[in-house]
Amino acid sequence: MLPFMEREIVDKHAWINRAEFLDLVAVSQAAPGIFAVNMAIFTGYKLKGFWGSFWATLGATLPSFLIILAIAVFFQNYQDNPTVIRIFKGVRPAVVALIAVPVLRLAKAAKISYKTVWIPVLCALLVWAGHVSPVYIVLMAGLGGWLYSRRKEAR
Amino acid sequence: MIYLQLFWTFLKIGLFNFGGGYAMISFIQNEVVYKHAWLTTAQFTDIVAVSQVTPGPVGINMATYAGFSAAGDAWGALIATTAVCLPSFILMILISKYFLKYQHTHCVESTFAGLRPAVVGLIAAAALVLCNAENFVDYKSVLLFAGAFLAVWKLKAGPVWVLAVSAGMGYLCY
């Protein structure tokens, strides 16, 4: 997605320069929500204010919305079809694998060590076994990170 | 009133989802499957599968599909998708308007240092929640999981390939 955006926004249309683009990527990743949508909102706002943002967001979401809607309506009519049932029986365990691998990759990228491994383990247990809402996990983790750095500074 | 509940649910997800599409799975699962029981785990897993292989932002795909399935019509899809974008829309405009170069401030950096390991835990929870009897019906499911895991981990196979092959295997094996 990212190289495609860079080509369109920076190279083809020259709406923003490359340095601004990198800032934009950093802010869009840091802000909550969906990365591609954040990029669209920011680029649109920079060019044409509120309505620029509005139309860019519509452009970033509408194709997905329509495609998924068509697929959803299609599957609604075929959910009892024996072929569809067989296909999804095979797909479901693979979906779990698709989610499990990024856990290991992100653990590496976030530099999780034996000292900090309790944080992801505790968060996973709270959500999985304790049914705690991820909203509270995000609030606690953000607050924890902030307090920890303040304490370190105070010393 | 399912539309109001959908709107509020996806507004929360849009506001608190730090950590991208995979972390968002655990947010949607917690709300849509556990809290409101709008969908079963198997139905939700199918939505994740379709969202992964459809072009476009995975978060939008999941919100649209989950909204459609929860309400049973296109209004649900529209409300969920709008609600998930709304917090970003307001926040990103505020950020660009007031030129908050907030990603370089110390306060934000330390907050994110705390968030990063938690996001790893959230994605792990999403995978664990989906490991149930609805998704793993027999030993063949376990073999399919192992094969897909190795393909993604070792061969760096993309989601479209992995899900296409596992769909074919499902058709042949069941």
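Hey, among A:ALA30, A:ALA14, which residue is surrounded by fewer than 18 Cβ atoms within 10 Å (Cβ to Cβ), outside the structural domain of A:VAL138 (by TED's automatic domain parsing) and under 16 Å from the mean Cα position of the chain (by Cα)?
Answer to the selection: A:ALA30.
For A:ALA40, are the conditions met, namely being under 18 Å from the mean Cα position of the chain (by Cα), of a type outside the set (Asp, Glu), more than 7 Å from chain B (Cβ to nearest Cβ) and assigned to a helix (DSSP H, G or I)?
yes
When residues of the range A:73-115 are filtered for being within 24 Å of the chain's Cα centre (by Cα) and within 20 Å of B:ASN135 (Cα to Cα), how many remain?
Going through the range A:73-115 one residue at a time, the tally reaches 13.
Could you count how many residues in the range B:42-62 are of a type in the set (A, V, I, L, M), under 12 Å from the mean Cα position of the chain (by Cα) and more than 7 Å from chain A (Cβ to nearest Cβ)?
Of the residues in the range B:42-62, 3 are of a type in the set (A, V, I, L, M), under 12 Å from the mean Cα position of the chain (by Cα) and more than 7 Å from chain A (Cβ to nearest Cβ).
Filter the range B:63-75 for residues that are in contact (Cβ under 8 Å) with a residue 12 or more places away in the chain, within 10 Å of chain A (Cβ to nearest Cβ) and surrounded by fewer than 24 Cβ atoms within 10 Å (Cβ to Cβ) and give the result.
B:SER69
Please tell me if A:TRP55 is farther than 26 Å from B:ALA77 by Cα and aromatic (Phe, Trp, Tyr).
Criteria not met by A:TRP55.
The values are calculated or read from the model by the stated rules, or taken from the named source; none is laboratory data. Predicted model, so just to flag it, every value in this text is computed and none were measured. For neighbour counting, all protein chains shown are included, and Cβ atoms are generated from backbone atoms with ideal geometry for every residue, glycine included.
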